[in-house]
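A short write-up of the structure that comes next.
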Amino acid sequence: KRVAILISGRGSNMVSLIEAARAPDYPAEIVLVLANRPDAAGLTRAQAAGIPARAIDHKGFADRASFDAALQAELEGAGIELIVLAGFMRILTDAFVEAWAGRMINIHPSLLPLFKGTHTHARALEAGMRLHGCTVHYVVPELDAGPIVAQAAVPVLPGDDAETLAARVIVQEHRLYPAALALIAGGGAALDGGRVRLAEAER
Ligand code: GRF
């Protein structure tokens, strides 16, 4: 499967996906990295890894629909089959999300459906959680609400602050996301009537 990764920032999940996809038997090929911010540090990291990477600056567009149209043109031009959001901090239009239904995934730094949105680590601490983690899910128009593909949990430890907790979670993100993408790209999981269907061998 031909995959595009969309980023807005440092791109550490992107790097872990690029590295995993180097394995000869990995079922997906990362062929394009796009950022909505020209200053996204991940762009240089992608280029250093030999992946075509460029910014489509959302500030250059009058509205979300015209930005998404530019994105769509770029993705179509590269023959993309699957979109992987990795720290992509821009809301996509419902039309774009629906056009990619079942073919676009995201990673979120909490155990969904808990703590949708931002500042998840601080909110998990505030709630007194003893477990926290990350979730890979299909993207649907409602934010962070799509069908769950995979999750990983970490303990919340005494003395944690948002930073130490985030550091523990991101280690799991870097492991979980390449595994979840392989599952989907290899046909081990698919979206079926709004639910994730696992292939026999993955149950
Ligand atoms: C990750 O924690 C991801 O779960 C969240 O944004 C962060 C992106 O980090 N959506 P990076 O850009 O992959 O390093």
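The values are calculated or read from the model by the stated rules, or taken from the named source; none is laboratory data. For clarity, every value in this text was computed on a predicted model and none was experimentally measured. As a convention, Cβ positions derive from the backbone with ideal geometry for all residues, glycine included, and neighbour counts pool all protein chains shown.
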### Query
Which residues, counting only those in region 40-60, are within 17 Å of N13 (Cα to Cα) and part of a loop (DSSP other than H, G, I, E, B)?
A40, A49, G50, I51, P52
### Message
Condition check: within 23 Å of P178 (Cβ to Cβ), surrounded by 20 or more Cβ atoms within 10 Å (Cβ to Cβ) and either modelled with pLDDT under 95 or away from the ligand (no atom under 14 Å from the Cβ) (or both). Does L75 satisfy that?
### Response
yes
### Query
Consider G60 against the criteria (1) closer than 27 Å to D192 by Cβ; (2) modelled with pLDDT under 95: it satisfies all of them except one. Which criterion is unmet?
(1)
### Message
Restricting to region 1-15, give me the number of residues that are within 15 Å of the ligand (Cβ to nearest atom) and either in a helix (DSSP H, G or I) or more than 15 Å from the chain's Cα centre (by Cα) (or both).
### Response
4
### Task
May I ask you to list pairs of residues, at least six apart or on different chains, whose Cβ atoms are under 7 Å apart, with the first in region 1-27 being of a type in the set (D, E, K, R) and the second being assigned to a helix (DSSP H, G or I) and away from the ligand (no atom under 16 Å from the Cβ)?
K1/A185
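Given the criterion surrounded by 12 or more Cβ atoms within 10 Å (Cβ to Cβ), in contact with a helix residue (DSSP H, G or I) (Cβ under 9 Å, 6 or more places away or on another chain) and within 30 Å of D68 (Cβ to Cβ), identify the matching residue among P178, P155.
Values: P155 fails: within 30 Å of D68 (Cβ to Cβ).
Just one listed residue meets the conditions, P178.
Residue under question is T93, and the condition is that it be within 19 Å of the chain's Cα centre (by Cα) and farther than 24 Å from V136 by Cα; does it hold? So that I can check it myself, show each step before the final result.
On the way: within 19 Å of the chain's Cα centre (by Cα): yes; farther than 24 Å from V136 by Cα: no.
Considered against the rule, which asks whether it is within 19 Å of the chain's Cα centre (by Cα) and farther than 24 Å from V136 by Cα, T93 comes out as no.
Yes/no matrix, rows are residues, columns are (1) within 11 Å of the ligand (Cβ to nearest atom); (2) of a type in the set (V, I, T); (3) more than 15 Å from A166 (Cα to Cα); (4) surrounded by 15 or more Cβ atoms within 10 Å (Cβ to Cβ):
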position	(1), (2), (3), (4)
F88	yes, no, yes, yes
I91	no, yes, yes, no
A99	no, no, yes, no
G102	no, no, yes, yes
H108	yes, no, no, yes
P113	no, no, yes, no
A124	no, no, no, yes
### Query
What number of residues within region 16-70 satisfy the criterion of being out of contact with any helix residue (DSSP H, G or I) (no Cβ under 9 Å at 6 or more places or on another chain), within 15 Å of the ligand (Cβ to nearest atom) and among the acidic types (D, E)?
1
